[in-house]
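Following: one structure in structure tokens, then a few remarks.
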Amino acid sequence: QVQLVESGGGLVQAGGPLRLSCAASGITFSSYDMAWYGQAPGKQRDLVAAISRGGTINYADSVKGRFTISRDNAKNTLYLEMNSLKPEDTATYYCYAALPDTTIYFWGQGTQVTVSS
């Protein structure tokens, strides 16, 4: 059974840091492209940051220079370091795993991040 379990969300003041983790099980983690998506209330789910199985990284323009995505294949874990948080970063953050060149993908259950002004 595949599980992507996010943790690390919470309430933080604007300007503060937060670190999200996504623990994967039931998949060969190192074979998957991984990503974080964010969904604010009433809005669509958007890509925040992605890291391929080969280590290629992409960020949404809104988080460049503030967020850092990384992965630890030995621990089957994806991370998102969030710095200089803004109220507009408030969203539910979802972990996403996709097996390249297939239609196989999985979502985590999400973790809430709330940034107060």
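Tell me the residue from ALA40, ALA98 that is more than 13 Å from LEU4 (Cα to Cα), of a type outside the set (Phe, Trp, Tyr) and touching a strand residue (DSSP E or B) at 6+ places or on another chain (Cβ under 7 Å), please.
Of the residues listed, the single one that is more than 13 Å from LEU4 (Cα to Cα), of a type outside the set (Phe, Trp, Tyr) and touching a strand residue (DSSP E or B) at 6+ places or on another chain (Cβ under 7 Å) is ALA40.
Could you please tell me which pairs satisfy a Cβ distance under 6 Å, a separation of 6+ or placement on different chains, a first residue in the stretch 73-88 that is in contact (Cβ under 8 Å) with a residue 24 or more places away in the chain, and a second residue that is open to solvent by 70 Å² or more (accessible area, probe 1.4 Å) and not aromatic (Phe, Trp, Tyr)?
GLU81/ARG19; ASN83/PRO17; PRO87/SER117
Does any residue of the stretch 43-54 turn out to be of a type outside the set (Ser, Thr, Tyr), free of Cβ contacts under 8 Å to residues at least 60 places away in the same chain and over 19 Å from GLY110 (Cβ atoms)?
For the stretch 43-54, residues of a type outside the set (Ser, Thr, Tyr), free of Cβ contacts under 8 Å to residues at least 60 places away in the same chain and over 19 Å from GLY110 (Cβ atoms): present.
Could you give me the residue pairs with C-beta distances under 7 Å whose first residue belongs to the stretch 58-70 and is touching a residue at least 12 places away in the same chain (Cβ under 8 Å), whose second residue is acidic (Asp, Glu) wherever it lies, and which are 6+ apart or on separate chains?
Between residues of the stretch 58-70 that are touching a residue at least 12 places away in the same chain (Cβ under 8 Å) and residues that are acidic (Asp, Glu), the close pairs are ALA60/ASP46; PHE67/GLU81; THR68/GLU81.
Given (1) at pLDDT below 95; (2) under 14 Å from the mean Cα position of the chain (by Cα), where does SER117 come up short, assuming only one miss?
(2)
When the residues of the stretch 100-117 are filtered to those that are within 15 Å of ASP89 (Cβ to Cβ) and part of a loop (DSSP other than H, G, I, E, B), which remaining residue is most open to solvent (accessible area, probe 1.4 Å)?
Taking the candidates together, the pick is SER117.
The values are calculated or read from the model by the stated rules, or taken from the named source; none is laboratory data. All figures in this text were calculated on a predicted structure; none of them were measured in a lab. Neighbour counts run over all protein chains shown; Cβ positions are idealised from the backbone, glycine included. Heads up: the accessible areas ignore ligands, DNA and RNA and are worked out on the full protein's heavy atoms, side chains in. Shrake-Rupley method; radii C 1.70, N 1.55, O 1.52, S 1.80 Å.
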